[in-house]
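Working notes, structure below.
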Amino acid sequence: MGIRKQGLSCAEARAIDMVGFLAGLGFQPSRVRGNQFWYCSPLREERTPSFKINSSINRWYDFGTGQGGSLIDFGMLYYQCDLPAFLLLLQHDLSFPRAVIPELSQVHPPEPKLIVTSQSPLSAPSLIGYLQQRKIAAGLARQYCCEVRYRINDRPYFGIGFQNDSGGYEIRNARFKGSSSPKDYTLVKKEGNRLCVLEGFMDFLSWLTLFPQDQNQYDFLVLNSLAFFEKARPVIEAYQQIHLYLDNDTAGKQISSYALSLSPQYSNCDQLYQGYEDLSDFLCQKPLPGTADPRPP
């Protein structure tokens, strides 16, 4: 009989099947497409699944926070512990299945790369229909977005593209939410002396839809990911009045609370669409006539 090895190594922990691990925690995928398992994020509150596991490489990515990695990265965030503590926790339950993945040349292999191949004015009927479902006028979307053609694993797709300040795109259609590299925030200047900070570009288009008469009174910063808030702070805090329109989930509320602790320049507007996931959800679900006014004071 061999001597049992003491402790669980990082390599052994990374080999644990993440889909099986999440199932053990009680999380089931909202949808599965090939090797892509989509979940409502176990790390925060949300209604629209934006947490993905790629089972072929056994890695995860949370589009809401811009974080990702191996089971170890997930476990330390989920349990709010350090590496030794998480390995010890795993040591007590060795029944998790091991992922069957190919030989990898690096510890953290990249996600399948999304490559934008072309851009043009928005025209595809399916994309216009998606905007109509979101109560966004095509003419408004064309002012700030384009139609992008892109490839993932050599398969062609198309979607609504919203360019960030580094040249990458946030991409949406009825069945896809993703982005191309490089990721960054987007500043939309309208010569306003006040700034509205929004989490995603659909929130931005929703704001303009709700208040078209006010759009030239504000500049807008679309984070495209909450992970860019700290990077964007020098730009944000150049404005004397900053109005936050972040999602009504744990991550959005945490960033809003953090911002309010930094400076009286910040004001939080999320309570004005309380009960809705975000400003886009507010626009989609609440009839426009007679609605509460979620504009900043």
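Readers should treat all values here as calculations from the given coordinates under stated rules, not as data from a laboratory. As the structure is a computational prediction, the values presented were derived from the model and not from experiment. All Cβ positions, even for glycine, are placed from backbone atoms using ideal geometry, and neighbour counts span all protein chains on display.
Tabulated values for the structure
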{"quantity": "Mean ellipticity per residue at 222 nm, deg cm²/dmol - from DSSP H runs of n ≥ 4 across the chain, formula -39500 (n - 2.57)", "calculated": "-8000 deg cm²/dmol"}
{"quantity": "Cα-based Rg / Dmax (Å) for region 184-270", "calculated": "11.7, 32"}
{"quantity": "Nonlocal amide H pairs with Ser30, under 5 Å, H built at 1.01 Å", "calculated": "Trp38, Tyr39, Cys40"}
{"quantity": "For the chain, size of Cβ-based charge dipole, Lys and Arg +1, Asp and Glu -1, in debye", "calculated": "740"}
{"quantity": "Residues with amide H under 5 Å from that of Glu147, placed H, sequence gap 5 or more", "calculated": "Ser120, Leu122, Gly161"}
{"quantity": "Simple label model, 7 Å out from Cα along Cβ direction - Asn35 to Lys183, nm", "calculated": "2.0"}
{"quantity": "Neighbourhood charge, 12 Å Cβ-Cβ cut-off, centred on Leu131 and excluding it, Lys, Arg +1 and Asp, Glu -1", "calculated": "+3"}
{"quantity": "Contact order relative to length of the chain, as percent, for alpha carbon pairs under 8 angstrom and 6 or more apart", "calculated": "13"}
{"quantity": "Candidate aspartates and glutamates for bridging to Lys113, where Cα separation is under 17 Å - those fewer than 8 sequence places away on the same chain excluded", "calculated": "Asp62, Asp154, Glu170, Asp184"}
{"quantity": "Two-decimal log10 I(q)/I(0) for region 113-184, as the Debye equation yields it once each C-alpha is a single scatterer, q = 0.19 Å⁻¹", "calculated": "-0.70"}
{"quantity": "Neighbourhood charge, 12 Å Cβ-Cβ cut-off, centred on Gly192 and excluding it, Lys, Arg +1 and Asp, Glu -1", "calculated": "0"}
